[in-house]
1. Considering only DSSP beta bridges with both partners in segment 1-150, what is the antiparallel share in %, to the nearest 5?
2. Can you list the HN-Hα couplings for segment 127-138, worked out from phi with the Karplus curve (6.51, -1.76, 1.60; θ = phi - 60°), rounded to whole Hz and with x for Gly and Pro?
3. Calculate the translational D of segment 109-171 in whole µm² s⁻¹ from Stokes-Einstein, where the hydrodynamic radius comes from the Kirkwood formula applied to all Cα pairs, the temperature is 4 °C and the viscosity 1.567 mPa s.
4. With the chain treated as a Gaussian network of Cα nodes joined by springs under 10 Å, which of 139, 190, 48 yields the largest mean-square fluctuation?
5. Using a 1.4 Å probe and counting only protein heavy atoms, arrange 140, 114 so the residue with the most accessible area comes first.
6. Got a sec to turn the phi values of segment 108-120 into Karplus ³J(HN,Hα) couplings, 6.51 cos²θ - 1.76 cosθ + 1.60 with θ = phi - 60°, whole Hz, x for Gly and Pro?
7. Return the loop-located trypsin sites (Lys or Arg not before Pro) in segment 84-156 (DSSP other than H, G, I, E, B) with at most 16 other Cβ atoms within 10 Å of their own Cβ; answer none if there are none.
8. For Rg and Dmax of the Cα atoms in Å, the listed values are (1) 18.2, 72; (2) 16.3, 49; (3) 16.6, 54; which was obtained by calculation from the structure presented?
Amino acid sequence: MLLLAMDTATPAVTVALHDGTSVIASSGQVDARRHGELLLPAVDRVLAEAGTELDAVTGLVVGVGPGPYTGLRVGLVTAATFGSALSVPVHGLCTLDGLAYAAGLEGLEGPFAVATDARRKEVYWARYEDARTRSGEPAVDRPADIAEALAGLPVVGAGAVLYPDAFPDPRGPEHVAAGALAALAAERLAAGQELLEPQPLYLRRPDAQVPKNYKVVTPT
């Protein structure tokens with residue numbers, strides 16, 4: 001097994017290679033505006049660090065969000081393209097699950113919540129019984145609207161850092177790492193579990209909208 005994992009659902013552009021046992025190479029850079037510019041060079045760095053070529057990859061793992069439309073689709077399209085070119089499977093994982101898993105690796109025990117920045121003064125969030133067990137589906141809400149429901153729980157991710165009044169017990173990591181996604185995927189695949197389809201989990205409409213009324217211009 002050689003899994004190439006990537007995630008662009010948060011400001012982090014993150015890539016990793018996992019051999020089924022451990023992460024053998026990884027790269028991460030936080031830049032919310034340059035996902036498309038940074039992802040492929042990160043893939044190149046990871047492959048070079050591992051001393052291997054892209055055609056050695058046996059599967060792709062990609063974070064499906066939730067995340068902002070523009071950044072999220074960069075990772076999904078890239079993973080789908082690689083999967084098609086290599087004729088290997090592409091597995092999806094909830095980005096919040098990757099953050100929860102990484103928090104567990106750092107010693108956090110449940111229950112807890114994960115919250116990432118959804119912009120518009122909102123967060124993408126989910127509650128977890130432990131690092132591997134999410135309770136319910138991811139959602140998008142204003143921090144103040146869920147503060148009472150999550151009262152007393154540690155909250156992992158950038159959402160907790162951004163809104164300390166709503167989430168007074170912030171925990172790391174702040175952003176997802178592809179190494180954690182790959183490790184979680186390898187664990188679930190080894191257990192015979194099915195992973196998600198590599199389809200985006202947006203939870204809301206994109207910021208950019210097609211104009212409802214076009215101005216008709218006719219030649220004179």
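1. Numbers: 25 of 33 bridges.
The answer is about 75 percent antiparallel.
2. Working through the residues one at a time gives 9, 10, 6, 7, 5, 10, 10, 8, 10, x, 8, x Hz.
3. Result for D is 116 µm²/s.
4. 190
5. Per-residue accessible area, sorted high to low, gives 140, 114.
6. 6, 10, x, x, 7, 10, 10, 9, 10, 6, 9, 6, 6
7. Sites meeting the loop and neighbour criteria: 120, 121, 132.
8. Matching the structure shown: (1).
The values are calculated or read from the model by the stated rules, or taken from the named source; none is laboratory data. The model shown is predicted, which means the values in this text are computed figures rather than measured ones. Glycine gets a Cβ as well: all are built from the backbone with ideal geometry, and neighbour counts include every protein chain shown. Side chains are part of the model used for accessible areas, which takes the heavy atoms of the whole protein and leaves out ligands, DNA and RNA. Shrake-Rupley method; radii C 1.70, N 1.55, O 1.52, S 1.80 Å.
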